[in-house]
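A.B. asks: What follows is a single structure, and I will ask about it in a moment.
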Amino acid sequence: TVAVDRHKLLQVIMHLLNNAEQALEGAAGERRVVVSAKKKGVSRVLIDIEDNGCGISAGDLGQIFKQGFTTKQHGHGLGLHGSACAMIEMGGALRVASEGTGRGARFTIEMPVVFWEKTSRRPSPRSPASTAPEVTGK
């Protein structure tokens, strides 16, 4: 069980999948989007959404979650910023990694696990760390 608003999480996932689909437009060869989930220790769950599309330049990685920043011709720069804010609000995080232009990108959603208290039968998240969006790349 994870401690998140399911509607907000679905909105974040759909936004990342739409971005991945757009990143594949015009890509040569096999187009691929891979979604995977795994546990991180006992208190966190990760969902990775990775594509082999246009990638993100090193110069853009540091700004990717900044409100108003976009690389799209008709973009508004609100989607990734809003997604990162939603994950922080829910005690999670949104991270990005890309090895550069033409080399795809991976966005990682991190969420806190809920532990059930034996006495109250109610979920109790344990120390969800609020973290700023993280970017990595080469």
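The values are calculated or read from the model by the stated rules, or taken from the named source; none is laboratory data. It should be emphasised that the depicted structure is a prediction, and the values quoted were computed from it without experimental measurement. Ideal geometry is used to build each Cβ from the backbone, glycine not excepted, and the neighbour counts take in all protein chains shown. Protein only, heavy atoms only, side chains kept; ligands, DNA and RNA dropped before computing areas. Shrake-Rupley method; radii C 1.70, N 1.55, O 1.52, S 1.80 Å.
A.B. asks: Which of the residues spanning region 46-75 are open to solvent by less than 50 Å² (accessible area, probe 1.4 Å), assigned to a helix (DSSP H, G or I) and among the hydrophobic types (A, V, I, L, M, F, W, C)? Don't jump to the end; show me each part of the working.
C.D. replies: Step one: list which residues in region 46-75 are open to solvent by less than 50 Å² (accessible area, probe 1.4 Å), which gives 46-49, 51-53, 55-57, 60-61, 64-65, 68-69, 75.
Subset that is assigned to a helix (DSSP H, G or I): 60-61.
Listed by number, the list holds a single entry, 61.
A.B. asks: When the residues of region 13-30 are narrowed to those that are open to solvent by less than 70 Å² (accessible area, probe 1.4 Å) and part of a loop (DSSP other than H, G, I, E, B), which ends up modelled with the lowest pLDDT?
C.D. replies: Here the residue is 27.
A.B. asks: Shifting gears a bit: Could you list, in sequence order, all residues of region 115-138 that are buried (at least 17 other Cβ atoms within 10 Å of the Cβ) and either closer than 19 Å to residue 49 by Cβ or at pLDDT 55 or above (or both)?
C.D. replies: Initial filter on region 115-138 (buried (at least 17 other Cβ atoms within 10 Å of the Cβ)): 125, 128, 133, 135, 137.
Matches in region 115-138: 133, 135, 137.
A.B. asks: Let me ask you something else. Answer yes or no: is there a residue in region 48-70 that is modelled with pLDDT of 95 or more, under 12 Å from the mean Cα position of the chain (by Cα), among the aliphatic types (A, V, I, L, M) and closer than 20 Å to residue 3 by Cβ.
C.D. replies: no
A.B. asks: Hey, another quick one. Name the pairs: first residue in region 52-63 and on the phi > 0 side of the Ramachandran plot and in contact (Cβ under 8 Å) with a residue 12 or more places away in the chain, second residue part of a loop (DSSP other than H, G, I, E, B) and open to solvent by less than 70 Å² (accessible area, probe 1.4 Å), Cβ to Cβ under 8 Å, at least 6 apart or on different chains?
C.D. replies: 55/100; 55/102; 55/104
A.B. asks: Tell me, please, whether a residue that is modelled with pLDDT under 90 and either under 12 Å from the mean Cα position of the chain (by Cα) or not in a strand (DSSP E or B) (or both) can be found in region 96-114.
C.D. replies: Scanning region 96-114, I find no residue that is modelled with pLDDT under 90 and either under 12 Å from the mean Cα position of the chain (by Cα) or not in a strand (DSSP E or B) (or both), so the answer is no.
A.B. asks: Quick one: is residue 68 over 18 Å from residue 109 (Cα atoms) and either touching a Gly at 6+ places or on another chain (Cβ under 9 Å) or acidic (Asp, Glu) (or both)? Talk me through it step by step, then tell me what you get.
C.D. replies: On the way: over 18 Å from residue 109 (Cα atoms): yes; either touching a Gly at 6+ places or on another chain (Cβ under 9 Å) or acidic (Asp, Glu) (or both): yes.
Taking the combined requirement at face value, the residue satisfies it.
A.B. asks: Please verify whether residue 10 is crowded, with 16+ Cβ neighbours inside 10 Å and in a helix (DSSP H, G or I), treating the condition exactly as stated. Talk me through it step by step, then tell me what you get.
C.D. replies: Values: crowded, with 16+ Cβ neighbours inside 10 Å: no; in a helix (DSSP H, G or I): yes.
Judged against the criteria, residue 10 is not a match.
A.B. asks: Sticking with this one: Of 33, 42, which residue is touching a helix residue (DSSP H, G or I) at 6+ places or on another chain (Cβ under 7 Å) and either open to solvent by 60 Å² or more (accessible area, probe 1.4 Å) or without any contact (Cβ under 8 Å) to a residue 60 or more places away in the chain (or both)? Break it down into steps so the answer makes sense when it comes.
C.D. replies: Values: 42 fails: touching a helix residue (DSSP H, G or I) at 6+ places or on another chain (Cβ under 7 Å).
Unique residue meeting the criteria: 33.
A.B. asks: Which of the residues that make up region 54-77 are of a type in the set (Gly, Ala, Ser) and touching a strand residue (DSSP E or B) at 6+ places or on another chain (Cβ under 7 Å)?
C.D. replies: Taking region 54-77 as the starting set, the residues that turn out to be of a type in the set (Gly, Ala, Ser) are 55, 57-59, 62, 68, 75, 77.
Within region 54-77, 55, 58, 62 qualify.
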